[in-house]
Structure formats: structure tokens, C-alpha cells
Amino acid sequence: MAELTAKTCKESLVIKTSRVFPLDTNNHNTLFGGKLMSYIDDVASISAAMHSRCEVVTASTDSVDFLIPIRQSDSVSLKSYVSSVGRSSMEVFVKVIAEDLKTGERRLAATSFLTFVALNENGKPEQVPQVIPESDEEVMLFNTAQQRRNVRKERREHSEAFANVVTL
């Protein structure tokens, strides 16, 4: 197998900006959480595909932390990039920034971590390049990735045990 060339986090950077329209909001006139989660999965999957240059599947949405409401008067910008990798898995970090379009005030509205697996043409896991963090944020996320990986593994074990008890 050929040696894979490591890539910087910014090589997988995806930015998506949308206006918040009335149909995107709930009865509080804030962005539906499910709509935002769809945006998050979309940009994260693109980051994972850009990093691996393979088909990818979502293995887990580790967390979506809604920090502040996103109002109808806001735009919403999502920035995602691969923050850490395993052999065939990629952790993708997504940050969501709400911007009041009248005042220009920008606020961190949500953060999320997702895990994707790269697949080859036969649908089997494919090795991915290592990731090189550069900015302070990227280095911090890279250095704390093992802690999140441990939590993810423990949560998965609990989910599998729970699934053996839950009736259909």
C-alpha cells in the first residue's frame, strides 16, 4: 500500500453560510435544532470526504452542543474540518456562528463533533491520511482527541449493551 501524505486541518475546511428563513424556525422564532443538525452533518461529511478522498459514512454524532439560540434575524455559518484521525475514521469538528445581519454581532451558537469512516470502492474501511494541526484551536482539538475517543468507545459499549435489552 502506498504511503499516505498527511494533510493539514485547513485542507478539509468547509464553510457554509445560510440565512435563517421563517420556514427554518420553530415556535420561538429560532432555528430548528434538527435543521441545524442536518447542516452540521452535511458540512462534516464534506470535510471527511475532502480529507480522505473516499466515500464516507457517519459513524457517530458525538455531540451537538446548542450554546445560544439562532434567531430569524441571523445568518448561520458553519465551519468544519477534520481534527483527528484513526486508521479509517475521522473526527470532524464543526463550529456554528450566528451573525445578526443588522448589527454584525457574531456569536458562537453551537459546537459539534462527528466521526466518519472512509470506505473504498467495495464498501470496506479505507486507511486515511494523518492530520496536521496548525492553529491553536486545531492543536487543542488534536491534543484532546484521545479523551473524546475514549468517551465515544465507552458510550458505544453502553449503547450496544442497551440494545441487547431493548425490545422491538
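Pairing each residue of segment 27-53 that is within 22 Å of Pro69 (Cβ to Cβ) with any residue that is assigned to a helix (DSSP H, G or I), provided the two are 6+ apart or on different chains, yields C-beta distances under 7 Å for Leu31/Asp24; Phe32/Asp24; Lys35/Asp24. When segment 59-97 is limited to residues that are without any contact (Cβ under 8 Å) to a residue 40 or more places away in the chain and closer than 15 Å to Lys16 by Cα, the one that is farthest from the chain's Cα centre (by Cα) turns out to be Ile97. Is there a residue being under 27 Å from Gly34 (Cβ atoms), β-branched (Val, Ile, Thr) and in contact (Cβ under 8 Å) with a residue 60 or more places away in the chain anywhere in segment 114-124? Checked segment 114-124: at least one residue is under 27 Å from Gly34 (Cβ atoms), β-branched (Val, Ile, Thr) and in contact (Cβ under 8 Å) with a residue 60 or more places away in the chain. Can you spot a residue in segment 143-162 that is assigned to a loop (DSSP other than H, G, I, E, B) and either in contact with a Cys (Cβ under 7 Å, 6 or more places away or on another chain) or not hydroxyl-bearing (Ser, Thr, Tyr) (or both)? No - not one qualifying residue is present in segment 143-162. Counting the residues of segment 12-40 that are surrounded by 13 or more Cβ atoms within 10 Å (Cβ to Cβ) and either hydrophobic (A, V, I, L, M, F, W, C) or in contact with a Leu (Cβ under 7 Å, 6 or more places away or on another chain) (or both) gives 12.
Does Phe162 satisfy being among the aromatic types (Phe, Trp, Tyr) and touching a strand residue (DSSP E or B) at 6+ places or on another chain (Cβ under 6 Å)? So Phe162 does not fit the description; no.
Which residues, taken from segment 41-58, are small (Gly, Ala, Ser) and either buried (at least 19 other Cβ atoms within 10 Å of the Cβ) or under 10 Å from the mean Cα position of the chain (by Cα) (or both)?
Going through segment 41-58, the residues small (Gly, Ala, Ser) turn out to be 44-45, 47-49, 52.
Scanning segment 41-58 gives Ala44, Ser45, Ser47, Ala48, Ser52.
Evaluated against (1) in a strand (DSSP E or B); (2) more than 29 Å from Ser159 (Cβ to Cβ); (3) small (Gly, Ala, Ser), Ser80 falls short on exactly one condition, (2). The residue of segment 99-141 that is surrounded by the fewest Cβ atoms within 10 Å (Cβ to Cβ), among those that are under 19 Å from the mean Cα position of the chain (by Cα) and among the polar types (S, T, N, Q), is Gln130.
Looking at segment 142-167, which of its residues are of a type in the set (A, V, I, L, M) and either loosely packed, with under 10 Cβ neighbours inside 10 Å or out of contact with any Asp or Glu (no Cβ under 9 Å at 6 or more places or on another chain) (or both)? Steps first, answer last, please.
Keep residues of segment 142-167 that are of a type in the set (A, V, I, L, M), which gives 145, 151, 161, 163, 165-166.
Within segment 142-167, Ala161, Ala163, Val165, Val166 qualify.
If you go through segment 91-98 one residue at a time, do you hit one that is surrounded by fewer than 18 Cβ atoms within 10 Å (Cβ to Cβ), in a strand (DSSP E or B) and at pLDDT 95 or above?
At the first step, the residues of segment 91-98 found to be surrounded by fewer than 18 Cβ atoms within 10 Å (Cβ to Cβ) are 95.
Narrowing the set further to residues that are in a strand (DSSP E or B) leaves 95.
If we keep only those that are at pLDDT 95 or above as well, we get 95.
So far as segment 91-98 goes, yes, one or more of its residues are surrounded by fewer than 18 Cβ atoms within 10 Å (Cβ to Cβ), in a strand (DSSP E or B) and at pLDDT 95 or above.
Every residue in segment 46-56 that is in a helix (DSSP H, G or I) and in contact with a strand residue (DSSP E or B) (Cβ under 6 Å, 6 or more places away or on another chain), please. It would help to see each step written out before you state the result.
Within segment 46-56, the first condition is being in a helix (DSSP H, G or I), and the residues that meet it are 46-52.
The answer is Ile46, Ser47, Ala48, Ala49, His51, Ser52.
With respect to the conditions (1) closer than 22 Å to Glu138 by Cβ; (2) loosely packed, with under 14 Cβ neighbours inside 10 Å; (3) acidic (Asp, Glu), Glu3 falls short on a single one, namely (1).
The values are calculated or read from the model by the stated rules, or taken from the named source; none is laboratory data. Owing to the predicted nature of the structure, the values given are computational and were not obtained by experimental measurement. As a convention, Cβ positions derive from the backbone with ideal geometry for all residues, glycine included, and neighbour counts pool all protein chains shown.
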